[in-house]
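Peer 1: Below is one structure. I have some questions about it.
We did not get these values from a lab; they are worked out from the coordinates using the rules stated. Predicted, not measured: the structure shown is a model, and the values here were computed from it. Note: ideal-geometry Cβ built from the backbone for every residue, glycine included; neighbour counts use all protein chains shown.
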Amino acid sequence: MPLNVSNAPVAIGGIGGSGTRVVAEILRVAGFYMGSDLNEANDNLWFPLLFVRRPNWDIDDIKFSSLVSIFVTAMTGACPLTETEISLVRDLTAEDRIQHSTTWLKSRAETLIVNACSGMSPNFWGWKAPNTHIFLDRLPQFISGLKYIHIARNGLDMAYSKNQNQLRIWGRLVLGGDCAVTARNSLRFWCWAQKRVLDIGADMKSNFIFVRYEDLCSEPKVTMQRILHFAGIQPDEQLLARSVALITPSKSIGRHKCFPLQDFDPLDVAYVRQLGFVVGA
């Protein structure tokens, strides 16, 4: 059963390094509460604590619902966590993970537990966590009215990114045997992620938007209006100007042009082009 939360949240996700940071900052400027434990990239750090671990890929609905309830409680400051919930949160810190140490996880757990009883009750709230898309098939079942913004950057450029954390964590579960961190497998994972999220988005209908990072850079005002309207914000010119000023196009746009396309599966390259991204020179 979905949690009935006032002012349904807006979540932001995508492959790590896709440009989700600037969208989260724009929502913060617009008055959204995005969490009290964030890193420099505006990632909500409670989300990976609770969700980003391989055993969560196929956990049952009861356990998943418990994690969602804890997350929503922490984000809204609705009430203190129960002893059972606190125990569950602390159990999640027992082992190092691919991306995070137990020390890091324990720090996240304590800030989450404290924030759950803050009583802040934000009018507008949401979160940015790149891995949100991994669980997007289930989250709307448990958070009524959830809206989701998916940021996608050219998969060929992403194939050469230093940030391959999602491939490392989820690759063997979705790609099968060969999941080594290579440019070819990075694009394979990217294609899998975009196809899957667009299928889920079709079911979410008006609660889902797909945004190309390159559009944010080339048409910032139009793209920002689209994002803010989706989030329920009617921006004035001042807010639009502040939002556009936050956008600095990455110097690595088009970096794939320095490498041969023959390194990739032709079907994957064709899919990048199908989604409207520039391929090659």
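Peer 1: Relative to the first principal axis of the alpha-carbon coordinates of the chain, what is the inclination of helix 20-29, with its axis defined by its Cα atoms, in degrees from 0 to 90 and to the nearest 10?
Peer 2: Taking the Cα atoms of the chain, the angle to 20-29 is about 50 degrees.
Peer 1: Using the number of other C-beta atoms within 10 angstrom as an exposure proxy, rank 25, 219 with the fewest first.
Peer 2: By the 10 Å Cβ count, ascending: 219, 25.
Peer 1: Give a residue-ordered list of calculated ³J(HN,Hα) values for the range 133-139 (Karplus: 6.51 cos²θ - 1.76 cosθ + 1.60, θ = phi - 60°; whole Hz; x for Gly, Pro).
Peer 2: Per residue, the Karplus-derived 3J(HN,Hα) values read 4, 4, 10, 5, 5, 10, 4 Hz.
Peer 1: Using Cα atoms only, what is the angle between the long axis of helix 165-174 and the major principal axis of the chain, expressed in degrees (0 to 90) to the nearest 10?
Peer 2: 90
Peer 1: Taking the chain as a Gaussian network, where each spring joins two C-alpha atoms under 10 Å apart, which residue of 77, 35, 119 fluctuates the most?
Peer 2: Among 77, 35, 119, the largest GNM mean-square fluctuation belongs to 119.
Peer 1: If you place +1 on the Cβ of every Lys and Arg, -1 on the Cβ of every Asp and Glu, and leave all else neutral, what size is the dipole of the range 10-274 about its Cα centre, to the nearest 20 Debye?
Peer 2: Once rounded to the nearest 20, the dipole reads 580 debye.
Peer 1: Arrange 257, 162, 128 by Cβ neighbour counts within 10 Å, fewest through most, would you?
Peer 2: Taking fewest neighbouring Cβ atoms as first place, the list is 162, 257, 128.
Peer 1: On a straight-distance basis, which aspartates and glutamates could pair with residue 63 in a cross-link, Cα separation under 12 angstrom, same-chain partners fewer than 8 positions away excluded?
Peer 2: Result set, ordered by chain and number: 85.
Peer 1: Which aspartates and glutamates have a Cα less than 14 Å from the Cα of residue 195, not counting those fewer than 8 places away in the same chain?
Peer 2: Within reach: 137, 203, 268.
Peer 1: Work out Dmax and Rg for the range 100-196 from the C-alpha atoms and quote the Rg first, both in angstrom.
Peer 2: In Å, with Rg to one decimal and Dmax whole: 16.6, 47.
Peer 1: Listed highest first by mean packing, meaning other Cβ atoms within 10 Å per residue, what order do 272-279, 141-148, 17-24 come in?
Peer 2: 17-24, 141-148, 272-279
Peer 1: Something else now. Under the Karplus relation 6.51 cos²θ - 1.76 cosθ + 1.60, θ = phi - 60°, what is the ordered set of whole-Hz ³J(HN,Hα) values for the range 31-41, x standing for Gly and Pro?
Peer 2: Once θ is set to phi - 60°, the couplings for the range 31-41 become x, 7, 7, 10, x, 9, 10, 10, 9, 5, 8 Hz.
Peer 1: Here is a further query. Considering only the range 10-274, what is the antiparallel percent among its DSSP beta bridges, to the nearest 5?
Peer 2: Counting DSSP beta bridges with both partners in the range 10-274, the antiparallel share is about 5 percent.
Peer 1: Still on this structure, please answer the following. Go from 0 up to the bin containing the longest alpha carbon distance in the range 171-281, width 10 Å each, and give me the % of pairs per bin.
Peer 2: 12, 34, 33, 18, 4, 0
Peer 1: Taking the chain as the reference, fit the longest principal axis to its C-alpha atoms, fit the long axis of helix 220-230 to the helix C-alpha atoms, and give the angle between the two in degrees, 0 to 90, nearest 10.
Peer 2: Taking Cα atoms only, the helix is inclined about 40 degrees.
Peer 1: Percent of Cα-Cα pairs more than 35 Å apart in the chain, please.
Peer 2: Distances greater than 35 Å cover 16 percent of the Cα pairs.
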